[in-house]
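The values are calculated or read from the model by the stated rules, or taken from the named source; none is laboratory data. Note that the structure is a prediction, hence the values are computed from the model and not measured. Every residue, glycine as well, gets a Cβ built from its backbone with ideal geometry; the counts of neighbours run over all protein chains shown.
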Amino acid sequence: MNGGWLARGRSRLAAWRCRARLRQLKLLVLDVDGVLTDGGLWTTESGEVIKRFDVRDGLGIRLLQQAGLEVALLSGGKSGATEQRARYLGLQHCLTGVKDKPAALANLQRQLGLTPAATAFVGDDLNDLPVRPVVALLVCPADAAAPLRRRCDWVLPRRGGDGAVRLLAEAILQAQGRWQALAVAGWFDRNDGPAAPLTTAPGRAAQP
């Protein structure tokens, strides 16, 4: 119990230290497996890959979109489930099967006319460490790989696929002065957005 209390205390301190950078964010880029999911995969007899997503994370993403932030998915995997989730959320940028994450992220920043100072990335493992030089904030869930937890700016108190992104979304909105109105009035829109054309690789759009 004491360990959990200490972890939450450290997370709150890290959030406070990150507040100035959270205030400047215009682009949030999310790894998928281990961040929006718990990292588990189900495979059907036909070869279809099934992933479990947390609806709280989806709402957090929608809140950020409503506030005018760009949210993108950036994953080394490619299963079809990620692209479908991006469509449900109305995300225009869903980069999958990416080998060089820093290059793909830098290319996305150029497309959107944004800088590293306006960008945060959430990852969970060693292949997310190389994005460190091209973002202002590197964030990870509580169950991320130890080397990433040591190097990132903020270890969220929730595990991947268990509302970690929802918690981060709220912190961003609080830092940007947009949370209080939502906390009072609530949310009136859908949790998922309209279907949108996806960018599934740098410079290439996928058909819905």
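Here is how the numbers come out for the structure above:
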| item | result |
| --- | --- |
| Test result for residue 39, part of a loop (DSSP other than H, G, I, E, B), at pLDDT below 85 and surrounded by fewer than 21 Cβ atoms within 10 Å (Cβ to Cβ) | no |
| Cβ-Cβ under 7 Å pairs, at least 6 apart or on other chains, the stretch 133-149 side free of Cβ contacts under 8 Å to residues at least 40 places away in the same chain and closer than 16 Å to residue 120 by Cα, far side part of a helix (DSSP H, G or I) and acidic (Asp, Glu) | 148/128 |
| Some residue of the stretch 187-201 being farther than 24 Å from residue 111 by Cα, at pLDDT below 95 and of a type in the set (Val, Ile, Thr) | no |
| Count - residues of the stretch 158-184 that are under 14 Å from residue 14 (Cβ atoms), part of a helix (DSSP H, G or I) and charged (D, E, K, R) | 0 |
| Options 32, 71: the member that is buried (at least 16 other Cβ atoms within 10 Å of the Cβ), of a type in the set (A, V, I, L, M, F, W, C) and in a strand (DSSP E or B) | 71 |
| Residue count for the stretch 140-154, restricted to those that are within 18 Å of residue 37 (Cβ to Cβ) and surrounded by fewer than 24 Cβ atoms within 10 Å (Cβ to Cβ) | 4 |
| Subset of the stretch 91-133 (residues that are farther than 16 Å from residue 75 by Cα and either aliphatic (A, V, I, L, M) or part of a loop (DSSP other than H, G, I, E, B) (or both)) | 112, 113, 114, 115, 117, 118 |
| Complete set of residues in the stretch 42-67 that are modelled with pLDDT under 90 and assigned to a loop (DSSP other than H, G, I, E, B) | 44, 45, 46, 47, 48 |
| Residues satisfying the stated conditions in the stretch 1-29, i.e. polar (S, T, N, Q) and either crowded, with 21+ Cβ neighbours inside 10 Å or modelled with pLDDT under 95 (or both) | 2, 11 |
| Residue check, residue 105 surrounded by 18 or more Cβ atoms within 10 Å (Cβ to Cβ) and closer than 23 Å to residue 175 by Cα | no |
| Subset of the stretch 63-82 (residues that are in contact with a strand residue (DSSP E or B) (Cβ under 9 Å, 6 or more places away or on another chain) and more than 18 Å from residue 138 (Cα to Cα)) | 65, 77, 78, 79, 80, 81, 82 |
